[in-house]
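The values are calculated or read from the model by the stated rules, or taken from the named source; none is laboratory data. Predicted model only: the values in this text are computed from it and were never measured. Because the Cβ atoms are built from the backbone with ideal geometry, glycine has one as well, and the counts that use them run over all protein chains shown. Accessible surface areas use protein heavy atoms only, side chains included; no ligands, DNA or RNA. Shrake-Rupley method; radii C 1.70, N 1.55, O 1.52, S 1.80 Å.
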Amino acid sequence: MPSAQKLDTHHKALTLNLDACAFGSFAEIGAGQEVAHWFFLVGGASGTVAKTISAYDKEVSDDVYGSGSRYVSRQRLEAMLDKEWAQLLAQLGKTRGPQTRFFSFVDTVSTRNFAGTNDPHGWVGLRFQLQPGGPPNEVLLHINMRDPANVLQQEAIGILGVNLIYTAFYELQTEESFLAGLAQDVVKERIEIDYMDLRGPAFENWDRRALLAHLVSAGFAEAAFFPTKGPSVPPTEALYKKAVVLAPGYFGHVDPDHSQVHMRLLASPIQQLRRELGESKAAPAGLFCLTVASFTPDEPAPEVPDLLSRIAALLAAGGDVLLFRQRELYHMTSLVNRYTQAPVRFVAGVSLIIRAFEDIYGNLEGRLLEALSRLFAQNVRIYAYPMAATELRERLKGVSAGGWEWSETNGLVSASQLRRAPPLGHLFAYLLASNFLVPMQVLASLKADA
């Protein structure tokens, strides 16, 4: 049994090597064989390593695992897992099966290329038994690598892989212990985990949506994607090369009537962007945006069950959801622009726009000007929908919004009717005149909860 104290990567690998029951194979493509390397480095690898392989050449990889999928993809990862697991059981099942907990670790990764022009990311998978002869369990991860150099990214993959194997065998008591063990010494600063899929009886009582939310709330990911249809995927697959409409908000009312209002509110800017792009272009993706951060600086951060309740209501109404770690709009822009160069449009009520102007942005040297430059850096606009004047005043309670005035039309206030005292007023007027802020007309029946 492993020590109860927190172990570093060296001692985790050594613990596995000295465990007479743990035995498996390694197949690693694209970042060397950094995970298997740890088990050879610490000594006693014959107690753990059945085989290592790196089918690095594309033709060799196709011959071993089959052709027809991208090389850094979930499809390739699952083909690798299936092949390595079947081979492991066929070769060793009779001789070692009764006393061995088998595992197969695989990864397919694109680390930073020489020119630094690619998107360093990868897929990591583990299939394992908790008891000899027991049913297989499976963990699939999508990761983004943050280190600036190829060699550092390879090193980080090695640490993550050892963490995953060790945690699967020894730290599956709770979701929290599993995530903490997986993240030790490498996640947050060096690797982002923005997707996780779990299969098998070891995880039958675990909440998959809650795990995705925990990845964001714990800082392991900048965002996670929750689809209304089909299985969950990493944000890159939801956003890749797509024009996007983002609807940030709190969405605190979870009843079906409010959820349908939210859907209609999102449909209008999607149609507006589609008209801008031309009907021949693919329909833009529309996504509701929630955050694990507090909605205002004085509020506590929301609890995961509360987030999941709001996400579930939006999904039930038919809307896809992105859950972000940060609440500022420029952080959302930064995440989306990783994966698409197409137009990005926010849809926001005038209360949110006022809040954005009055935020302190103390983490940025350029304060508001830097926040706006980041927000609008790349084909980004904000569609601003009007709000009832009574609702606007209610939304601005407790917010430092002095200097703002507005006029009304039939009780509604549009972005074009907002006025701010100078000097910020000049900046606001410029954004309106330059169409960075685009006033929208919406149905009178829409009462936004954003």
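Residues in the stretch 96-115 that are over 24 Å from ALA13 (Cα atoms) and without any contact (Cβ under 8 Å) to a residue 40 or more places away in the chain: how many? Within the stretch 96-115, residues that are over 24 Å from ALA13 (Cα atoms) and without any contact (Cβ under 8 Å) to a residue 40 or more places away in the chain number 3.
Taking the conditions (1) over 22 Å from the mean Cα position of the chain (by Cα); (2) modelled with pLDDT of 90 or more in turn, VAL344 satisfies each one other than (1). Of the residues that sit in the stretch 204-229 and are among the aliphatic types (A, V, I, L, M) and not in a helix (DSSP H, G or I), which one is most open to solvent (accessible area, probe 1.4 Å)? My answer is ALA218. When SER280, SER232 are checked against the criterion of being within 17 Å of the chain's Cα centre (by Cα) and assigned to a loop (DSSP other than H, G, I, E, B), SER232 stands alone in meeting it.
Helices (runs of 4 or more DSSP H) fully within the stretch 329-436 that include at least 1 residues being under 22 Å from THR291 (Cα atoms): 329-336, 350-358, 367-375, 389-395. Would you mind stating whether ALA13 is closer than 20 Å to GLN153 by Cα, of a type in the set (A, V, I, L, M, F, W, C) and open to solvent by less than 40 Å² (accessible area, probe 1.4 Å)? Taking the combined requirement at face value, the residue satisfies it. Among residues that are touching a Phe, Trp or Tyr at 6+ places or on another chain (Cβ under 8 Å) and in a loop (DSSP other than H, G, I, E, B), ARG310 is not included. Under the condition of being within 19 Å of VAL245 (Cβ to Cβ) and open to solvent by 30 Å² or more (accessible area, probe 1.4 Å), the residues counted in the stretch 375-391 number 4.
Pairing each residue of the stretch 352-363 that is open to solvent by less than 20 Å² (accessible area, probe 1.4 Å) with any residue that is at pLDDT below 90 and in a loop (DSSP other than H, G, I, E, B), provided the two are 6+ apart or on different chains, yields C-beta distances under 8 Å for ILE354/LEU396; ILE354/VAL399; ILE354/ALA401. Restricting to the stretch 58-88, and then to whatever is farther than 21 Å from PRO136 by Cβ and open to solvent by 80 Å² or more (accessible area, probe 1.4 Å), can you tell me which residue is modelled with the lowest pLDDT? By that ranking, first place goes to GLY68.
Just a yes or no: is a residue in the stretch 180-195 out of contact with any helix residue (DSSP H, G or I) (no Cβ under 8 Å at 6 or more places or on another chain), part of a strand (DSSP E or B) and surrounded by 18 or more Cβ atoms within 10 Å (Cβ to Cβ)? Yes, the stretch 180-195 contains a residue that is out of contact with any helix residue (DSSP H, G or I) (no Cβ under 8 Å at 6 or more places or on another chain), part of a strand (DSSP E or B) and surrounded by 18 or more Cβ atoms within 10 Å (Cβ to Cβ).
Of the numbered criteria (1) buried (at least 16 other Cβ atoms within 10 Å of the Cβ); (2) within 23 Å of the chain's Cα centre (by Cα); (3) more than 17 Å from LEU265 (Cα to Cα); (4) of a type in the set (Val, Ile, Thr), the one THR296 fails is (1).
I'd like the full set of residues that are open to solvent by 10 Å² or more (accessible area, probe 1.4 Å) and small (Gly, Ala, Ser), limited to the stretch 338-351. Selection gives ALA342 alone.
Against the test of being touching a Pro at 6+ places or on another chain (Cβ under 7 Å) and either among the aromatic types (Phe, Trp, Tyr) or touching a residue at least 60 places away in the same chain (Cβ under 8 Å) (or both), the options VAL321, VAL261, VAL245 yield a single qualifying residue, VAL245.
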